[in-house]
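Each remark here refers to the structure printed beneath this line.
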Amino acid sequence: MLILIAAVTIVAAVVQRVTGLAFVLVLIGPIVLAYGPVEGVTIAVLLALLASLFAVPSAWRDIDWPRTLWLLTAGLAAAPLGALTTVVLGQTALLFLIGAMGVIALSVQWMGRIARHLRGRPGAIGAGALAGFMHASSGLSGPALASFALGDDWPQRRFAASAQIVFLGYGAVSVALRGLPTIAASDLLILAACTAGGMILGAVAARRVPLVLARRVMLLCAWAGMIVVLGRAVVSLF
């Protein structure tokens, strides 16, 4: 199982480096099945924080600070509520919550009409609050940010760069609220090394792999993971 999770972590990191998003979206299904909805998300959030640390230096010059700070402020204010949700809900409910958030996240590409209302400062506050809640509860904050980027006509390059700072802030607060994973240190080090290796491979792949192909791989992995998570949730009811 660790070998499988390590392989998916590498794929998730490559996709993150190429597209600027979707690290947790690719990883969440397998890691929740392997470690459970609480520990799995905690591990995913910590690895996503590491991925953002690797991405920030190359993205620094393209960061749009005004939008970034509004998204960060709103998200950090909502993050404690997301972390509290994971404490209140039972394991089955958490599986359904993670699966539902994943499906919503994957369906954002068909929500163009909704996204068009997420504009300016009010849109940044709304999208940021939702993203912060989702990051602390499930790690799936990217799609809410992408919806705002679509509605506010945010250029892809500047959005992808700015998102790394937002993920970094959300990740740091989420780790502080959720605590560190309790899995064996050796397992965590292996997954951290796979994240770092995937980001390095992604830097090379970004010059050669078409963005459309990377997004298709991301969607395939993410949909497969969400379907299995929801299936696990249904089975756990019985």
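Computed in the context of the full set of protein chains, the accessible area of the chain at 1.4 Å probe radius has 71% of its extent on carbon or sulfur. The gain in end-to-end length when the Ala206 to Val87 segment is fully stretched comes to 39.0 nm, 0.36 nm per residue minus the alpha carbon separation.
Here the Karplus relation 6.51 cos²θ - 1.76 cosθ + 1.60, evaluated at θ = phi - 60°, turns the backbone of region 83-88 into coupling constants of 5, 5, 4, 5, 7, 6 Hz, with x for every Gly and Pro.
Net charge of the neighbourhood of Ala160, taken over other residues with C-beta under 11 Å away and scored Lys/Arg +1, Asp/Glu -1, is +1.
Summing -39500 (n - 2.57) over the DSSP H runs of n ≥ 4 in the chain and dividing by its residue number, what mean residue ellipticity at 222 nm do you reach, to the nearest 500 deg cm²/dmol? For the chain, the value works out to -28000 deg cm²/dmol. Post the alpha-carbon centroid distance, region 13-78 to region 169-191, in whole angstrom. Using only Cα atoms, the two centres lie 13 Å from each other. Summary of packing: across the peptides 229-235, 148-154, the per-residue average of other C-beta atoms within 10 Å ranks them, highest first, as 148-154, 229-235. In terms of accessible area, using a 1.4 Å probe and ignoring ligands and nucleic acids, Ile125, Ile183 rank largest first as Ile125, Ile183. Evaluating kT/(6 pi eta Rh) at 4 °C and 1.567 mPa s, with the Kirkwood radius of region 1-113 over Cα pairs in the Stokes-Einstein relation, gives 83 µm² s⁻¹.
Dividing the mean sequence gap of close Cα pairs (under 8 Å, 6+ apart) by how many residues the chain holds gives a relative contact order of 39 percent.
Entry comment: accessible area of region 1-159 is 42 Å² per residue, from protein heavy atoms only and a probe of 1.4 Å.
In plain terms, the chain from Leu69 to Leu237 could stretch by 56.3 nm, reckoned as 0.36 nm per residue minus the Cα-Cα distance.
Label positions at Ile104 and Asp153, each projected 7 Å from the Cα along the C-beta direction, are separated by 2.8 nm. Per-residue Karplus couplings for region 186-201, computed as 6.51 cos²θ - 1.76 cosθ + 1.60 with θ equal to phi - 60°, are listed in order as 5, 5, 5, 5, 5, 5, 5, 5, 5, 5, 4, x, x, 5, 5, 4 Hz, Gly and Pro entered as x. P(r) for region 115-238, from all Cα pairs and a bin width of 5 Å, is 2, 9, 12, 17, 21, 19, 13, 6, 2, 0 %, short bins first. Each residue of region 147-156 was assigned a 3J(HN,Hα) from its phi angle through the Karplus curve 6.51 cos²θ - 1.76 cosθ + 1.60 (θ = phi - 60°); the sequence is 4, 5, 4, 5, x, 9, 6, 7, x, 4 Hz, with glycine and proline shown as x.
Shape analysis of the chain yields a ratio of the Cα radius of gyration to the Kirkwood radius, Rg/Rh, of 0.94.
The values are calculated or read from the model by the stated rules, or taken from the named source; none is laboratory data. Just so you know, these numbers come straight off a predicted model, no measurement behind them. Cβ sites come from the backbone with ideal geometry, for glycine too, and all protein chains shown count toward neighbours. For the accessible areas, the whole protein counts, side chains as well, though only heavy atoms, and no ligand, DNA or RNA atoms are used. Shrake-Rupley method; radii C 1.70, N 1.55, O 1.52, S 1.80 Å.
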